[in-house]
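First comes the structure, then the notes that go with it.
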Amino acid sequence: MYTEEELLREIRELLDDDRLFEAYERAFREYHYYFDTTNYIVLNVYQFNDHGPIHVLLTTRRALELLSIIKKFGIQTTAEKLGKPLWWSKFIVAFGALFHDIGNMIHRINHYEFSVFLAEPIIEKLVNEFEKRDPLLLKALTLNAIYTHDEHVPCTTIEGSLITIADGCDMEAGRSRLVHKKDKVDIHAVSAMAIDRVEIREGDDNQPILIEIWMKHPAGIFQVDEILTKKVKSSLLSGKVRLRIYTGKDGEVLEKVI
């Protein structure tokens, strides 16, 4: 459904910064074995769903889409509130999304903590390429965004909120963020296969972020409520997100603000 090269092209366009993209693509290829190993363990040891290279690229792309949307509506990022340029937010979002799930190779429980542990030396090197005056702050904000991507950890930055919401959007058929055993048929599994497509669009002044979800079976609502809704509520953008859900049942459309 998705390819690495296609997603990288889209990320390049959204970053709109050749130097940042060169570093992002280099890091993605250099640490590809991290994403492969994470995915191998998740699929074969935990027997859960995809957490590999495609997932981190999709999360990056969607987080950057969200960043672009909130900027169009005049919402300041946390880096900007601290007096930093917008490229800081792009750095935090891109590299935070890229490394947010690598802790799964150690353990699923509290994987976000292990992700910070594993990513710290990598982020240190990347930060030093870009920021000489205040490198520790950029590093801290990026690691914060990794740590808060799980819905159990309240977000404290806008950048982390964008990654959290983007992560929750990766729930198209077979790509569920709702952890479920691959060989078990229950509401988790049925819901995970019910969603056909997820798209992020511009909303309005009240809810700048519109997330449209197409599903072939209403069971997909369980997926939305258990993952995406919880992630949005753990973010700093709660109240600014509208969901528009096409349930596939007699053309019914559900809308709600979260």
Checklist outcome for this item: Rounded to whole Å², per residue accessible area for the chain with a 1.4 Å probe reads 43
Next on the checklist: Using a 7 Å offset from the Cα along the Cα-to-Cβ direction at both A173 and R201, what is the distance between the two label points in nm, to one decimal?
Outcome noted: 2.2
Next on the checklist: How would the chain be classified by its alpha-carbon gyration tensor: rounded, prolate or oblate, with rounded meaning a/c under 1.5 and the a/b versus b/c comparison settling the rest?
Outcome noted: oblate
Checklist entry - Cα axis of helix 135-147 to longest principal axis of the chain: angle in degrees, 0 to 90, nearest 10? => result 10
Checklist entry - So if R0 is 30 Å, what FRET efficiency would E25 and D250 give, r being the distance between their Cβ atoms, rounded to the nearest 0.05? => result 0.10
Item to check | the chain - mean residue ellipticity at 222 nm from DSSP helices (-39,500 (n - 2.57) per run, n ≥ 4, rounded to 500) | outcome: -15500 deg cm²/dmol
Item to check | Where labels lie 7 Å past Cα in the beta-carbon direction, separation of E120 and L86 in nm | outcome: 3.3
Checklist entry - Using the alpha-carbon atoms, what tilt in degrees (0 to 90, nearest 10) does helix 158-168 show relative to the longest principal axis of the chain? => result 40
Checklist entry - Expressed as an acute angle from 0 to 90° and rounded to the nearest 10, what is the orientation of the C-alpha long axis of helix 111-130 relative to the principal long axis of the chain? => result 40
Checklist outcome for this item: Here the tail fraction of P(r) beyond 15 Å, over all Cα-Cα pairs of region 10-101, rounds in percent to 61
Next on the checklist: Multiplying the sequence separation of T156 and D36 by 0.36 nm and subtracting their Cα-Cα distance, what value in nm do you get?
Outcome noted: 40.2 nm
Checklist entry - Between T3 and K216, what is the FRET efficiency for a Förster distance of 30 Å, r being their Cβ-Cβ separation, to the nearest 0.05? => result 0.80
Item to check | Dipole moment magnitude, nearest 20 debye, the chain about Cα centre, only Lys, Arg, Asp, Glu C-beta charged | outcome: 440
Item to check | Cα→Cβ-extended label distance, 7 Å offset, between L136 and I109, nm | outcome: 3.4
Checklist entry - Give me the Kirkwood hydrodynamic radius of region 59-115 in Å, from all C-alpha pairs, to one decimal place? => result 12.4
Next on the checklist: Between S68 and E13, what is 0.36 nm times their sequence separation minus the Cα-Cα distance? Round to one decimal in nm.
Outcome noted: 18.7 nm
Item to check | Portion, in percent, of the accessible area of region 4-154 that falls on carbon or sulfur, probe 1.4 Å | outcome: 54
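The values are calculated or read from the model by the stated rules, or taken from the named source; none is laboratory data. What you see is a predicted model, and the numbers here were worked out from it, not measured in a lab. A quick note on method: Cβ atoms are made from the backbone with ideal geometry, for glycine too, and the neighbour counts reach across all protein chains shown. Side chains are part of the model used for accessible areas, which takes the heavy atoms of the whole protein and leaves out ligands, DNA and RNA. Shrake-Rupley method; radii C 1.70, N 1.55, O 1.52, S 1.80 Å.
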